[in-house]
Amino acid sequence: MTGTGRTLVLVVAAVSALAAGYWFHPGHTGRAPDSGNLGGIMAASLPDMEGKPQAMAQWRGKVLVVNFWATWCKPCLEEIPEFVRMQQKFGPQGLQFVGIAIDTPAKVREFAAKYRMNYPVLIGEMEAIELARTAGNALGGLPFTVILDRQGRLIRTELGGLNERKLTPIIQPSLKAVNGA
Amino acid sequence: MNLRAAVRLSLELLLAAAAAWALSGSAADDLLAPEQAFRFSAKLIEPGLIEVRYRIADGYYMYRDKFRFTASPQSAGLGEARFPPGKITDDEFFGRVETYRGELVIRLPVKSSGPITLKAVSQGCADVGVCYIPVTQTARLVRPQLSGSSAKSESDGADQLLRRNAPASQ
């Protein structure tokens with residue numbers, strides 16, 4: 001093989017590797033932003049802790065952190081105090097947490113009161129599991145978090161625990177983009 | 001360094017970076033599917049006694065208080081599950097909890113001698129900080145294991161009398 005040939009092979013390999021990296025990278029779900037699946041989250045409506053239906057669309061225009069959790073899931077409970085603190089801190093800039101609990105209303109109410117949750121919590125079983133699945137949570141693991149910008153476009157999905165240190169750089173660019181970019 | 005060598009070097013670096021990027025991410029990205037993390041099987045080991053076995057993958061654990069067993073037909077008369085002692089911890093959220101790792105064998109008395117379908121609901125987590133929603137797995141139990149049985153062999157060979165259905169998520 002000539003030097004040029006080898007270079008060509010390397011170019012192809014590098015481009016393929018980059019493409020593979022792009023598609024398989026954890027932060028990337030392999031879907032175009034605002035795809036039907038994410039439309040699924042923004043189009044969803046689930047009951048709140050009082051049983052009143054709440055449409056996700058009411059939070060359009062905010063940077064949304066949709067957190068799937070359950071009171072029986074220890075890593076879920078560990079991250080909630082961080083979310084409460086971040087809601088307090090970034091709420092005025094347009095950050096909105098929404099919890100979706102795969103649980104029973106009584107348990108969710110008890111936990112929400114005890115931990116002074118300052119953001120809405122919706123409750124669902126099969127419907128919530130399905131919603132998480134369509135957003136890219138194939139294994140049914142919790143916690144699972146979907147972060148959307150002010151236009152409802154996907155910024156990132158995260159399986160496993162988040163904290164302020166990890167979440168802040170993810171949300172900050174979108175918080176600054178007040179009019180959307 | 002000539003231009004070609006420089007191009008090649010940068011391409012090689014790019015290749016390495018792309019590979020590293022593709023492989024990066026949190027440990028949660030390598031999670032097993034729940035039916036692989038908690039491998040379920042069940043068989044009638046003698047008339048009136050079902051043995052349920054979970055082979056729990058390394059780095060995963062199951063909660064004792066989350067197991068639920070039901071049999072159909074209901075007239076099969078499933079008794080109370082007998083668990084081995086697990087690891088007891090005092091959890092900051094849940095209080096006293098009992099968990100299992102490795103291999104877990106649960107025994108279930110049953111009245112019926114006819115074929116039954118056992119439905120097992122379980123819930124567990126991975127040490128990397130992910131919990132699975134409860135999983136329902138079922139097994140068709142035909143008759144107690146006898147030597148020289150003509151029953152079809154399962155893929156793992158050991159549980160000849162078990163016809164295990166594909167685990168279904170709840």
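Every read-out reported here was derived from the displayed coordinates using simple, explicitly stated rules and does not represent laboratory data. Bear in mind that the values here come from a model prediction, so they are computed numbers and not experimental data. Cβ placement follows ideal geometry from the backbone for every residue including glycine, while neighbour counts extend to all protein chains displayed.
Residues B:D58, A:D149 in ascending order of nearby Cβ atoms (within 10 Å, fewest first): B:D58, A:D149. Distance from the alpha carbon centroid of segment B:67-103 to that of segment A:115-138 works out to 26 angstrom.
Here the calculated FRET efficiency for B:A33 and B:F83, from their Cβ-Cβ distance with R0 = 25 Å, stands at 0.55, rounded to the nearest 0.05. Per-residue 3J(HN,Hα) values for segment A:169-176, derived from phi via the Karplus relation 6.51 cos²θ - 1.76 cosθ + 1.60 with θ = phi - 60°, read x, 6, 8, 4, x, 6, 5, 6 Hz in sequence order (x marks Gly and Pro).
Of the beta bridges in segment A:33-176, as assigned by DSSP with both residues counted there, near 55 percent are antiparallel. Counting Cβ atoms of other protein chains within 10 Å of each residue's Cβ and taking the mean over peptide A:70-78 gives 6. Over segment A:102-168, the pair-distance histogram of Cα-Cα distances with 10 Å bins from zero comes to 17, 44, 36, 2 percent, rounded to whole numbers.
The calculated FRET efficiency for A:E164 paired with B:T136, based on their beta-carbon distance and R0 = 41 Å, is about 0.70. Calculated FRET efficiency, B:E98 to A:E50, Cβ-Cβ distance, R0 = 35 Å: about 0.55 to the nearest 0.05.
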